[in-house]
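This report refers to the structure that appears directly beneath it.
The values are calculated or read from the model by the stated rules, or taken from the named source; none is laboratory data. None of the values given here were measured: they were computed from a predicted structure. Virtual Cβ from ideal backbone geometry, glycine too; neighbours counted across all protein chains shown.
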Amino acid sequence: MATVRSAISWPNDKTYLFHSDDTYDRYDSVTGVREDAGLPVGRWPGMPSSPDAFVWWGAGKAYAFMGSTYLRYDAPADRVDPEYLPPNDPFTIEFGWPGLPDGTGGGPDWRTGIDAALNWGNGKVYLFRGDSYVRFDITADRVDPGYPLTIAGHWTGLFTEGVDAAVYPGGQFAYFFRGEEFQRFDVDADRVDASGPLDASFRLAPTPPGGVAPARLLTATQANQLTADLIRRGKLTLRSPAFVDGPAGVVSPKPGQRVVVSPPSFDGTRYTNKIHPTATVIDNLDQSMLIALYRLTRWINASAPTVTVLFHKGIGHGNGPPNDCHNQGRALDLSGIAGDVNGTPFTRSVEKDWGKLPRPPGVKVRIDPAVDPLGYGLFTTAFRFATFECEATAFGPANRWPMPDLGGTGFVIYPDYAPDAAPGSDNAKLRAAHPDHIHMQVGVTFL
């Protein structure tokens, strides 16, 4: 088997290993079995050779690093985006990936190439080179402060240098490759738990279907299998229906069945109802929305500060008709975030710290990173999460890149939604109805 140069998991429940001889193997992420081997890279239109690193970004896009340049691959169109190909000038890492080490003061210049990359499923992408790594924030579109760090001391059991490829199919395990070896990294235990030769016997651990797909595109069966996986891993507890595991997989709840989560927490982060703060359940919850809620806790807690509470004004209920997304358990009205920064408690309210801010002339988005960096970082992360995982520009597969930015329109609604909308217009009415929360949903507004 040729050396693995890069690896990527795709929303179609496939994982691809690209080799140094410009071939790739395809694995079924759900069964872990290799389906095909030695396929030519030419089957990826526009890809000139096996990339040095290949990473799923989200919102239908992936990035392939080729030396000091990179390409963007569009999943719906199944091709490299034309603007990244000749006769256009190449896109360089130097200008497209802000904050990478430039070699000043010692160490390599990361702008000349990346060894490996993987999306951790929490709004962060990890890039590796030599004996070090950086964490790139999708929301801020830059390397997080404090990086690079050495692999040794931060990734228990992992190769301390020379990672050739890395991939995370979702679920409990990620994979790292070097030469003719692989290592399996347990995401929950935060350490390598298995390793071995990268030969024909190599298999992935079975991963629940939909591990890389956005919540808005999950089928009822995928959402059900992902829900069962989270319960098995201790990430949440169902009050009803009772969770029943069988020899062939989950027996209860059934796909498409609405559920009750109690306590109202996902992996230690609590959803507190501002209207009924003592409520001990999230009920009437669609399973695709359950996956979105869990993933939001991962995004919001991917780096400092420590978030312990997400306040909301409704998840499974609303004032509208029974077929409304709230009453179908498919929407969240996020109203605030609380936790601590280095042991000091904080709370940020969408209404108080955003919606009630004055609007100076010419300012579309009132929350200011220079004035309130904490609130800005939290609220923009929640917004970006919602555009990636929930309905953004349309419904389901009709959502198309680019995802909206703050100050725009779409299905994520918040205090500065469409600030230039004409008085009395539908967009102006939507903005006026959301001064104290960020609305996000999966599926259509009215079923």
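For THR387, the conditions (1) of a type outside the set (A, V, I, L, M, F, W, C); (2) over 21 Å from ASP141 (Cα atoms); (3) not in a loop (DSSP other than H, G, I, E, B) all hold with the exception of (2).
If you take just the strands (runs of 3 or more DSSP E) that sit entirely in segment 237-295, which of them hold at least 3 residues that are in contact (Cβ under 8 Å) with a residue 12 or more places away in the chain and assigned by TED's automatic domain parsing to the domain that holds HIS326?
238-240, 259-261, 269-273, 282-285
Residues in segment 65-100 that are buried (at least 17 other Cβ atoms within 10 Å of the Cβ) and among the charged types (D, E, K, R): ARG72, ASP74.
Can you work out which of the residues in segment 1-35 that are assigned to a strand (DSSP E or B) and among the β-branched types (Val, Ile, Thr) is nearest to ARG72 (Cα to Cα)? Residue satisfying both the conditions and the ranking: ILE8. If you go through segment 83-98 and pick out every residue that is touching a residue at least 24 places away in the same chain (Cβ under 8 Å) and farther than 21 Å from ARG135 by Cα, you end up with 2. Whether any residue in segment 176-188 is modelled with pLDDT of 95 or more, surrounded by 14 or more Cβ atoms within 10 Å (Cβ to Cβ) and in contact with a helix residue (DSSP H, G or I) (Cβ under 9 Å, 6 or more places away or on another chain) is what I want to check. For segment 176-188, residues modelled with pLDDT of 95 or more, surrounded by 14 or more Cβ atoms within 10 Å (Cβ to Cβ) and in contact with a helix residue (DSSP H, G or I) (Cβ under 9 Å, 6 or more places away or on another chain): absent. Put simply, of GLU94, GLU83 the only residue that is part of a helix (DSSP H, G or I) and either of a type in the set (Lys, Arg) or touching a helix residue (DSSP H, G or I) at 6+ places or on another chain (Cβ under 8 Å) (or both) is GLU94. Determine if segment 36-52 includes at least one residue that is over 19 Å from VAL4 (Cβ atoms), part of a strand (DSSP E or B) and either assigned by TED's automatic domain parsing to the domain that holds LYS124 or touching a helix residue (DSSP H, G or I) at 6+ places or on another chain (Cβ under 8 Å) (or both). Within segment 36-52, not a single residue is over 19 Å from VAL4 (Cβ atoms), part of a strand (DSSP E or B) and either assigned by TED's automatic domain parsing to the domain that holds LYS124 or touching a helix residue (DSSP H, G or I) at 6+ places or on another chain (Cβ under 8 Å) (or both). Only one entry in LYS352, LYS364, LYS356 is out of contact with any Lys or Arg (no Cβ under 6 Å at 6 or more places or on another chain), surrounded by fewer than 20 Cβ atoms within 10 Å (Cβ to Cβ), over 26 Å from ALA338 (Cβ atoms) and of a type in the set (D, E, K, R), namely LYS364. All conditions in (1) within 22 Å of ARG232 (Cβ to Cβ); (2) in contact (Cβ under 8 Å) with a residue 24 or more places away in the chain hold for THR306, with the sole exception of (1). The set of residues in segment 126-135 being closer than 17 Å to VAL167 by Cβ and in contact with a Leu (Cβ under 7 Å, 6 or more places away or on another chain) consists of TYR126, TYR133. For segment 367-384, a residue qualifies if it is surrounded by fewer than 20 Cβ atoms within 10 Å (Cβ to Cβ), outside any helix (DSSP H, G or I) and either in contact with a helix residue (DSSP H, G or I) (Cβ under 6 Å, 6 or more places away or on another chain) or free of Cβ contacts under 8 Å to residues at least 12 places away in the same chain (or both), and the qualifying residues are ASP368, PRO369, ALA370, VAL371. Checking each residue in segment 148-199 for being closer than 22 Å to VAL30 by Cα and in a loop (DSSP other than H, G, I, E, B) picks out TYR168, PRO169, GLY170, GLY171, GLN172, VAL187, ASP188, ALA189, ASP190, LEU198, ASP199. Look at ASP340 and say whether it is among the charged types (D, E, K, R), within 17 Å of VAL371 (Cβ to Cβ) and either surrounded by 13 or more Cβ atoms within 10 Å (Cβ to Cβ) or in contact (Cβ under 8 Å) with a residue 24 or more places away in the chain (or both). Criteria not met by ASP340. Assessment of segment 425-442 against the conditions (within 25 Å of TRP57 (Cβ to Cβ), out of contact with any helix residue (DSSP H, G or I) (no Cβ under 7 Å at 6 or more places or on another chain) and in contact (Cβ under 8 Å) with a residue 24 or more places away in the chain) yields at least one matching residue.
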